[in-house]
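The values are calculated or read from the model by the stated rules, or taken from the named source; none is laboratory data. Computed from a prediction, not measured in an experiment: that's the story for all the values here. Please note: Cβ atoms are built from the backbone with ideal geometry, for glycine as well, and neighbour counts cover all protein chains shown. Just so you know, the surface numbers come from the protein's heavy atoms only, side chains and all, with ligands and any DNA or RNA stripped out. Shrake-Rupley method; radii C 1.70, N 1.55, O 1.52, S 1.80 Å.
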Amino acid sequence: MAFCMRFCSKAVKVILYLLLLNGFNSYGTDDYKELFKENCASCHEIGRILTGPDLMNINSLRTTDWLIDFIGDSKKMIEEGDPIANQLYEEYQRIEMPPAGLSKNEILGILDYIENFEVVKPVYQPYTVQEINKTRFKPTTSLIALSALLLLLLLYLLGSPLLRKRLPMSFYIITISFFGLAFSMSVSKNRTKHLVAKEQHIAQPLEFSHKVHYTDYQIDCIYCHEKALNYATANLPLLSNCMKCHDYIREGESFEKKEIDKLIKLWEQEKDIAWVKGYRLSEHVHFDHGLHTQTAGLKCTDCHVNIEIPSITKTNVSMKWCLACHEKQSVNLLLNYYKNVYDTIYNFSGLISSLNGSSNCFCCHY
Amino acid sequence: MEAAIAFAVIIDNEMLMKKKDIWTALDEDGNKLIPGKSPIPSTHMRDHIFNFSLLKSDRRNFLKSVGLGSVAFSLATACSKSAVKKGLPFFPNSSDAKPGQELYYKTTCPVCLAHCPLSVKTIDYRPVKIEGNNEYPKTSGGLCASAHASLFDLYNRERITKPYKGPLEKTWKELDIEIRSKLQELSARGKEIAILSDHINSPASLQLLSDFKTEYPATQLYFLNPLFPDALIQANKKCFGKAVIPSFHFSKARLIVSFGADFLASWLNPVEFTQEYLAMRDIDNSRSLSYHIQFESQYSITAASADKRFRIKPSEEGIILRALYDYLQTKSILPPHKPIEEKYEIARLAEKLLEYRGRSIVISSSNDTAIQMLVTGINSLLDNYGRSIDLDNPFLKIPQENGSVNELISKIEKNQIAALVCWNKDLHSDYPVFNDLQDNLEAIELKISFNHYRDRFSEYADYLCPDHHYLEAWNNYVSKGYLKMAQASIKPLFNSRQAEDSLLRWMKHPDDWYAYLIKSTQAFLQGVSKGNEVAMEEVIKKGFWEIPLTKARQYNFKQYLDPYIQQLESEKKGSGVFEILLVESPDLKSYSSKLNPFLAEKPDPVSSSSWKVYVRISPKTAKQNGIKDGQFIRIRTAIAEIKIPCLVQAGVADSCLIIPAGKMAGALMEKNNSLQLFDRRALSHQKSSMQAEIDVLPGKEKICRTQSHHTISVEAIVPEISLREYLDKDPSQKSAEPLSSLLTKKRDFHPHHWGMVIDLNRCTGCGACSVSCQAENNIPVVGEEEVTKGRSMAWMKIQRFYEGETDNPLIRFLPVLCQQCDNAPCESVCPVSAVSSSTEGLNQQNYSRCIGARFCATNCPYLSRTFNYKNYTYENPHSPHMSDKTGRLMLNPEVSTREKGTAEKCTFCIQRIQKRKARAKQANQSLADGMIKTACQQSCPASAIYFGDMKDPSSRVYHLLQSKRAHQVLGRIGTRPSIYYLSKVRNMDMDI
């Protein structure tokens, strides 16, 4: 009992001590980095003028008290007539700095972070492309059949008369027709393979990374590809869309300033980026994005998987893969479109799309 | 029980066919050819597929059959490498720009005098298809073939792309300075400046020209149009003092008598006339039809729709009119006219005309003033003016200051012209008289050409200032009751400038053409709408604006017609001499004088010839003179001579030579190696026909026509009934289902069952649907060599059947397209299963799977399938719009292009169906009837085609299927086609 009591009290003391410790210690620099990012980074950069002034060496420029007051409530300071505050206000186009809503300690922590801020050079890590689908020579059925055919023909044409007489005509007819059929069937089986783009690395004019934009920063697909909601073709975004952010984000994590510099250069030259298409459908295939996103309610990532792998042709867009839905998906009979079509004639509780015409050739090929 | 009825119907049908004398062509000896019964020299693939024998044990044949078979199988499928494709972002030029969606601009067609309002479909900022404006009540969206084909001229790589001074390229600014100084100099010297153009119907342009005249007082406007109805205007001027072409209200006429006027295809305003004419022949809504009699020498498609046709020689026209006029005045037949009366039943016709006073129209397309005076006299006696013929709201008004081209020619001969501005006229091709004036023309000091293309005049012209194509240009037009606006649908492709803009620059006018046009139009509208504010934007958006009409007054003239009658009497011809008649062919009516491949390949509806100009002669004349089909003859007249091949056409008058004329005739005749072009000076006025002698030349060539192939069996005829029979017919007696289809399984269709109904009572056979389909579906033009072999690629064909004797047969048109059979014979024979049927009733052709075996084409009983024998889509000299980078802009991006080795056929415009369905689903609406219109349906000037869901009880198609006129073509063989045809009803007994 006494031991427990001593243990408990000791534990409590430890807990209290830890609390006090945490209470009085400054947070790690990482936490204040997050705070800076959340509250300040949208207008300020350490090393560059953005919407707000450059914060490099701000601690030596202004007194800490002034900074705490200003960050706390800059508007009050301007109204009270503080000369520096007013000068800044005029210089930066009369844009008010909104009150941060931070405690004094937090402000001190941020100032500390700014003081100790070092321009850390990230290690340049170029993306290594794995070789997918290494093509090795595989003797397929077609080659076997073709070679057999040629051998037989040679045999017939160049073989000695003795050999030819031994073998009856029907032998040639049967074997040649068999291998001929095998050859043509094998060729026709793989016929569409050449129409489907192989997965290969394609060099884009700019190393755009969906991983950074979509996965890390969680920018929605529709932010750039807005026509995918309503129209047949999902658009490639205009440069003006990129410049909404990249006007002041000039440095990335993988490639530093290299790629974004290319972007800025094109923007100044008023050109657009000529992307190499990753999804390549044949001419006779007509795909309607609007129908699939709005009416069918699919998410972009349902079809565009592997969006993070850059500069590579995307999912194997073959008909077999589309048929996974086009044959078995159920139809949304609540649409007004089906109001007069199905409710008087049929009384379906559930209708499979292939009965509704989704696996017709004419659904996509015309 | 059902089987018994069905059986009865079959027997009835067969006996019906046996009673009727239906044939499709004439062979060399003038005998009738009936496909299925007589051997036809067919070029159809059906007869060539088993040409070589597999059974011969020759090594050569063995290799042929085996080697070609397996290798061709794999090589026939073109390997399309997955090439690198680039993607650029879509740049919106406004907030409502839509990528891949269509945007319609309303404009007006300037190809002929009719000025039909258009609706131009643009995708991604470029025009892809031309349609008629649905909102315009007179045409209901219909459009003729020439307008559809004029899109080709926009993307033609042969267009002049920049301004030139002789051989040097210049900028517009430099040209303007030079030309302006030259014009001022010439004007100061008092020398004449001649502007030669087509008839200008635009108030803004006319105002501009009068302003130009104030600046340069020596300007004179001349107009050139060899096929202009000059005599009609002269007659009206002499009789009523109005130099106009009156409006003809066919919708108020119960009795129509036409002397050679092809008003449903080429005369004046064909699309509107078709609509009005058919309003009086609406058998579903009224119990009576109008009565239409045609007196003519050629066989036009108007005659094919007529209830009664008389074959006359051009010289007899005057005599008949005179007899008619005398009877109407005296109510009796005078002795000199007795033989004519017996032949043409003049008395009966005149009695009927008197019975329907004020509700008839008598017209003639002759360019002989005397004949037009007689026609005017007859109309006046019948009190037609003010009722069915309107002089107060005319179709066309002629400004008084225009000079005719003959005056210009005489002045050029005397070297009185100092400057010549040629405005969209190919001088040497349109009016060959200029060929003789070469030296005089070159002596003119200032020669400016506004033409789009390089021609003979451009070789020696001083300045080439290329004009915009009408789709890049702004303009306004006035015709009866409407002000029509034309706006640009695309930014100018090249460095051309609108001709009106050039004229403004040369006057140093402060406005540019757009501002000038808007000001002028606003002033016009203010004057016309009596002070009510009209928003210009609304007018441009709608494309036309209604102008209040003045009340039509009655006119009676008291002219002394005897001098004209005497003139006609003196021109009586003997019977041994040939008479030439130039007829305006609707297929040669193109926007420019250069060859337009769509119009060239479009077969003439009656003779089904294409690509060449042939002279038509009757079978009797051919036999008498020993002329065969395709034989060259030399025609000699007093003025010129010409060498031209012949075509034997049943129904043409004897001893007559019918030559089709039109803007494009020159370009086609050059291909023909016919050396001398016709001199139309003699034909443009005074005489309606000319005497000629012919020499039969030994050479003969194969006629380029689509008739002998792709001809389905005569059993395909949809029975035609007379009005009496139709009215007596019991409405409940529908044609029962044929026996064989009772044995085949009926299928279920969800969610729609697409079907089509074609009303043959309305179809005139013009062929606009065919050209519209070609433009919409990227169908290639194959060229004359391929057409001669039977390889024309049109998905929609107008079959023509004759009935009766060879002298004066009846003609029946049948538009044939893929019938989308529910039980299709083409599906079961495809070796790779490239043809299947969809759950919506359509027959699907999969281009990528097709290997080119053509079993489907041979098995189709309607012969509606076509095959790409060559790579027509690339490297095709006859269809440059597909092989050329600029020309490819014309292709419809919604439809794929087919390559060599694939079969294709009508798809019921599946791209339109899918697009409308997608839009309806996305907008959460239901599909209403009329939301989906196929290309053929939309462009038919007669509104004869209806497309819709046969399952939807509210659709037009469902309603029309119940009609007692509905038939299927070749239904008894059990294919269950999805297209129903409504029989034509003819007023065969003059029952009005």
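A few remarks follow.
- Most positive-pole-ward Cα, B:Ile547, B:Ala279, B:Gly166, against dipole of chain B from beta carbon charges: B:Ala279
- Accessible area of B:Met280 in the full protein assembly, 1.4 Å probe (Å², nearest 10): 40
- Note on A:290-300: average number of Cβ atoms from other chains within 10 Å of each residue's Cβ is 2.
- As a calculated quantity, the FRET efficiency between B:Arg157 and B:Arg456 at R0 = 30 Å, using C-beta atoms, amounts to about 0.90.
- Of B:Lys663/B:Lys797; B:Lys313/B:Lys343; B:Lys138/B:Lys484; B:Lys129/B:Lys905, pairs whose Cα-Cα distance is over 18 Å: B:Lys663/B:Lys797; B:Lys129/B:Lys905
- Dividing the summed -39500 (n - 2.57) terms of all DSSP H runs of n ≥ 4 by the residue count of chain B sets its mean residue ellipticity at 222 nm at -8000 deg cm²/dmol.
- Across the protein chains, with a 1.4 Å probe defining accessible surface, the residues B:Tyr164, A:Tyr338 rank B:Tyr164, A:Tyr338 from largest area downward.
- Modelled FRET efficiency - R0 56 Å, A:Asp65 with B:Glu537, Cβ distances, 0.05 increments: 0.30
- Its Cα centre serving as origin, chain B has a Cβ charge dipole (Lys and Arg +1, Asp and Glu -1) of approximately 2100 debye.
- Computed with a 1.4 Å probe on the full set of protein chains, the accessible area for B:Val478 sits at about 40 Å².
- Net charge dipole size for segment B:125-207 [Lys, Arg +1 and Asp, Glu -1 on Cβ; Debye, nearest 20]: 220
- Descending semi-axes in whole angstrom, ellipsoid equivalent of segment B:214-298, from the Cα gyration tensor: 34, 14, 13
- Separation of the B:Ile973 and B:Lys623 label points, Cα + 7 Å toward Cβ, nm: 3.3
- Distance between the pseudo-spin-label points of B:Glu178 and A:Ile84 (7 Å out from Cα toward the beta carbon): 7.2 nm.
- Spatial separation of Cα centroids for segment B:110-130 and segment B:750-775, in angstrom: 20
- Beta bridges by DSSP in chain B, antiparallel share as percent, to the nearest 5: 60
- Counting only protein chain heavy atoms and rolling a 1.4 Å probe, the accessible areas of B:Met664, B:Met931 rank, largest first, as B:Met931, B:Met664.
- 4 °C / 1.567 mPa s Stokes-Einstein diffusion coefficient of segment B:332-464, Kirkwood radius on C-alpha pairs, µm²/s: 67
- Subset of B:Lys425/B:Lys447; B:Lys425/B:Lys519; B:Lys308/B:Lys602; B:Lys85/B:Lys491; B:Lys121/B:Lys170; B:Lys237/B:Lys551 violating a 23 Å alpha-carbon distance limit: B:Lys425/B:Lys519; B:Lys308/B:Lys602; B:Lys85/B:Lys491; B:Lys121/B:Lys170
- Projected label distance in nm at A:Leu355 and B:Ala188, using a 7 Å step from Cα toward the beta-carbon: 9.0
- Partner aspartates and glutamates for B:Lys165 [C-alpha distance under 13 Å; skip if fewer than 8 residues away on the same chain]: B:Glu174, B:Asp176, B:Glu178, B:Glu459, B:Asp462
- Projecting the Cα atoms of B:Pro335, B:Pro314, B:Trp267 onto the dipole axis of segment B:230-395, where Lys and Arg carry +1 and Asp and Glu carry -1 at the beta carbon, places B:Pro335 farthest toward the positive end.
- Take each residue of peptide B:917-930, count the partner chain Cβ atoms within 10 Å of its Cβ, and average: the result is 5.
- Two-site FRET efficiency, B:Arg553 against A:Glu283, from Cβ-Cβ distance with R₀ of 51 Å, rounded to 0.05: 0.25
- Part-to-part distance (alpha-carbon centres) for segment B:448-476 and segment B:923-969, which is given in Å: 43
- Segment B:263-316-segment A:56-101 distance, computed between alpha-carbon centres (Å): 90
- Over segment A:202-316, the reciprocal of the mean inverse Cα-Cα separation, the Kirkwood hydrodynamic radius, stands at 15.5 Å.
- Positive-end ranking of B:Cys830, B:Leu891, B:Tyr104 along the dipole of chain B, with charges on Cβ about the Cα centre, is headed by B:Cys830.
- B:Val271 accessible area, 1.4 Å probe, all protein chains in place, Å² to nearest 10: 0
- Square roots of five times the Cα gyration tensor eigenvalues for chain B, Å: 44, 37, 30
- Counted residue by residue at 0.36 nm each, then reduced by the alpha carbon distance between them, the extension gain from B:Lys343 to B:Asn134 reaches 70.7 nm.
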